[in-house]
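As structure tokens, the structure follows; a few thoughts come after it.
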Amino acid sequence: MGAQPPHIMLESTMSAVIRSLADSLRRFGDDRLAALLLARPDLTSPLPRGIGPLAARASGATSARRALEALTLPELHLVEALAVLEEGASPAQLAAAVSAEPAEIGPALERLITLGLVWGEDELHLVRPLREGLRAPAGLAPVAEDDPSSEEARMRVERARTAVPEVLDALAWGPSTVSGHGKLAADLLAAGIVVAEEDALRLPRTVHLALRDGRVRRAFVGRRPLPEGPPVREPVPGSRTAQAVERAFEALRVLSIVRSFDEDPPGVLRRGGLPQRDLRRLAERTQVDVLTCATVLQTAWQAGLIGHDGQEWRPTQDWDAHRRLEAEQRWAELVLAWAQGHHLAAVVGTPDASGTGRALLSELTRRDGVRTRRGSLLGALLTTPHVRATEESLAASLAWAFPLVPAEILREESAALLAEAQVLGLVEDGALTVLGQELVLALDEDVTTADARLAAALQEAAPAPVEEVLLDADLTVMIPGRPAESLMPLLDWTEVVSRGGALTLRFTTATVRRALGDGRDAEALLALLEEVSRSAVPQALSYLLRDEQRRHGRVQVSRATTVLTAEPEVLDLLQGSPEAAALDLHRLAPTVAVTLSDPGFALATARRAGLSPQAVRPDGKPVPEELTHSLRGGPADPDLVTIDADALRLPPAEAVARIRAAEEGGIELSVTDRLLEAIAASRELELGIVDGRGGVVVTRALPLSLEGGRLRAQDVKTAEEFTVLVHRVTLA
């Protein structure tokens, strides 16, 4: 093996032999132990009382499998090779098994040792759950009792090479199970290269390894593949930044559709989510494609700006605070919510595993681990700023970082990233924009700093907003630049004619009627136009607006979220209480009042006013108490799980200090901790096991694993394994 890192050389002088994972962890410095706890946070829940219990927990089946899912491709290949090689293989043997030189595998091997999945120096050991659990590593068949010896397997392969060399080469790096019933299959059976197994043919592991010349992997990919594609071209300098800025403000324009949810809220599907027909309707109203609308709404949901009460989607209280921010700040919050979200907008409408179409704003678009993989892709794009990355190259880059995730999922997420990030102005033609580059840097910062960074980036890249318009007699209005906030109401009254350096809009009868239907005021619009127009408002436009205003409103339709019914004196009492001011009650009759507040808020307000309200359905039947919920804003965060309090508040450095203190004897170990310590050290114990009659049976055993409150151990005398509940175990 090549030159070892300094900390390895220093630690190797402390003891001649590493006998267990616990020995390996005891040689870790504080920084390396903290790195272990940071990479595997489940090890600190609850906080282990010493290195022994920590080692036992790290070698537990559940924790080891979870750590396996976070390995990169070279790390996974080393684990597979160690699961195939004899116990105690050397680093040189391990390197040869993956077709590499010892120096090439150094970084990946060091990472596995830091993660507590491998221990040893000259003799390497894989933790037991992975050695036993990886039954078919690298496409090799599980070990069988009738497998030939390694020498016999080599002899069979040598004899067969003279007859069918091409076939053997094809079999070598393929799967362990093949199909066939012809003469070739008969020849392979006769040569002992394959054995019959039900309806297929199986390559015994030893034979398969002989075909591979003793190697487990054909090649070792130590470095992550970079995104590939044609070079970024920018015929007009600054055009990419201008396009990114335009898309960023376009996303905010689309987000403004949320304002209409108060008057015309979309419905909620039975399983949660936004109906596809409502999504198409909202996309048409905002004059964008469905993917753009879905991306913005999904991001707004993840930011907690919209929510539902079980029946309708509406803005949340966070929306009111959000809309008062500057445009750059609103965009920054939106982008961070997208980057840190657990949902994909690009999969809306596609079927899930059960064939159910994925609805927007529902848990059907949630993807475990997508936030981590999205951040990984953005980081990869940052390393190749001058390349228009293809979906295929991004998927290949992801496959190296997350080798256990199915390829179709990686392809889907790569395509989703390019599409969704472009909507928000972060990616253009497969390459990060200046805004996207700032986002990658912001991902490692706290929320306040990240918000400030992104808002400043957009403010610097965007031209100054304009606050004047050019009106024409053909009912068009041109905004010569980026519209200021004061001009945004124009978008509600017009249709977009063209975009670019200037924004051209047109008033039509349909757009005016739509705005009036949404509750807009034509006189207020005329006042705005007179204020911001360089010229007088065209007479044709004034006539159009005022004529439609007169025709509008012959039938008046209002909206109420909650209806309250009670005796007149009870409603008088409620309406006169100071608590009810927030409800803004409107009396329709002596016994009926309505409010725009949701039912849950109305119930709480009535209770604070000293009344005893009851929630009822439209048919008058009582609603169960657990269903009288308030507006739900945003998806549930999968990171909010129940964990040990120490793990929640302790930084890794503090956790290391407490583990060290326990190791030095400062804390008395419980029965569980003592069992974990014995497992880590492979040490026999005298176990007292309480039987069903209250008696205690004492036996000497070797504890093997402790998970789910059950101890698995091996009786020293009989060599038989048994499992017992931990609460039935006593120790001397």
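Computed from Cα positions, the angle between helix 30-39 and the longest principal axis of the chain comes to roughly 60 degrees. Peptides 713-724, 69-80 ranked from most to least packed by the mean count of surrounding Cβ atoms within 10 Å: 69-80, 713-724. All Cα-Cα separations within the stretch 253-359 were binned at 5 Å from zero, giving a P(r) of 2, 12, 23, 26, 22, 11, 3, 1, 0, each value a whole percent of the pairs.
Computed across the stretch 6-139, the Kirkwood radius stands at 14.9 Å (inverse of mean 1/r, all Cα pairs). Within the chain, the proportion of C-alpha pairs whose separation exceeds 39 Å stands at 55%. Semi-axes of the equivalent ellipsoid of the stretch 58-109 are 20, 13, 8 Å, computed as sqrt(5λ) over the eigenvalues of the C-alpha gyration tensor in descending order.
Would you kindly calculate the mean projected area, averaged across all directions, of the convex hull enclosing the Cα atoms of the stretch 191-293, in square nanometres? Spell out each step's value before the answer.
Values: hull surface 65.0 nm².
It is 16.3 nm².
Basic side chains Lys and Arg get +1 at the Cβ, acidic Asp and Glu get -1 at the Cβ, and with that the dipole of the stretch 3-154 about its Cα centre reaches some 820 debye.
Where in the stretch 99-166 are there GluC sites (Glu not before Pro) that are in a DSSP coil and have at most 11 other Cβ atoms within 10 angstrom of their Cβ? Let's see the in-between values first.
On the way: sites: Glu104, Glu110, Glu121, Glu123, Glu132, Glu145, Glu151, Glu152, Glu158, Glu166; in loops: Glu121, Glu123, Glu145.
Of the GluC sites (Glu not before Pro), the ones in loops of the stretch 99-166 whose Cβ has at most 11 other Cβ atoms within 10 Å are Glu145.
Cβ-to-Cβ counts within 10 Å put His308, His552 in ascending order as His552, His308, the fewest first. For the stretch 131-172, just list the percent of Cα-Cα distances falling in each 10 Å bin from zero outward, please. Calculated over all Cα pairs of the stretch 131-172, the distribution is 23, 44, 29, 4 percent. The fewest-to-most ranking of Val236, Val594, Val348, Val258 by surrounding Cβ atoms within 10 Å reads Val236, Val594, Val258, Val348.
Around the Cα centre of the stretch 90-158, unit charges on the Cβ atoms of Lys, Arg, Asp and Glu (plus for the first two, minus for the last two) sum to a dipole of about 320 debye.
Principal axis extents of the C-alpha atoms in the stretch 470-551 (largest first, rounded to whole Å): 36, 24, 21.
Three semi-axes describe the equivalent ellipsoid of the stretch 150-211; taken as square roots of 5 times the Cα gyration tensor eigenvalues and ordered largest first, they are 16, 13, 11 Å. Around the Cα centre of the chain, unit charges on the Cβ atoms of Lys, Arg, Asp and Glu (plus for the first two, minus for the last two) sum to a dipole of about 840 debye.
If you average 1/r over all unlike Cα pairs in the stretch 684-731 and invert the result, what Kirkwood radius do you get in angstrom? Could you put the intermediate results ahead of the total?
Values: mean 1/r = 0.0934 Å⁻¹.
Radius from the Kirkwood sum: 10.7 Å.
Over the stretch 360-427, the fraction of Cα-Cα pairs per 10 Å bin, rounded to whole percents and listed from the shortest bin up, is 19, 57, 22, 2. Averaging 1/r over every pair of different alpha carbons in the stretch 372-465 and inverting the result gives a Kirkwood radius of 13.8 Å.
Report the net charge of residues surrounding Trp338, where surrounding means a beta-carbon distance below 12 angstrom and charges are Lys +1, Arg +1, Asp -1, Glu -1. Numbers along the way, then the final one.
Numbers: positive: Arg371, Arg374; negative: Glu333, Glu420.
Cβ neighbours under 12 Å give a net charge of 0.
The angle separating the long axis of helix 539-551 from the principal Cα axis of greatest extent in the chain is about 90 degrees.
Between 0 and 90 degrees, the angle of helix 522-532 with respect to the longest Cα principal axis of the chain falls at about 80 degrees.
Fewest neighbouring Cβ atoms within 10 Å first, the residues Arg218, Arg506 line up as Arg218, Arg506.
A short reminder: the numbers here are calculations on the coordinates, not readings from a lab. The structure presented is a predicted model; accordingly, all values stated were derived computationally and were not measured. As a convention, Cβ positions derive from the backbone with ideal geometry for all residues, glycine included, and neighbour counts pool all protein chains shown.
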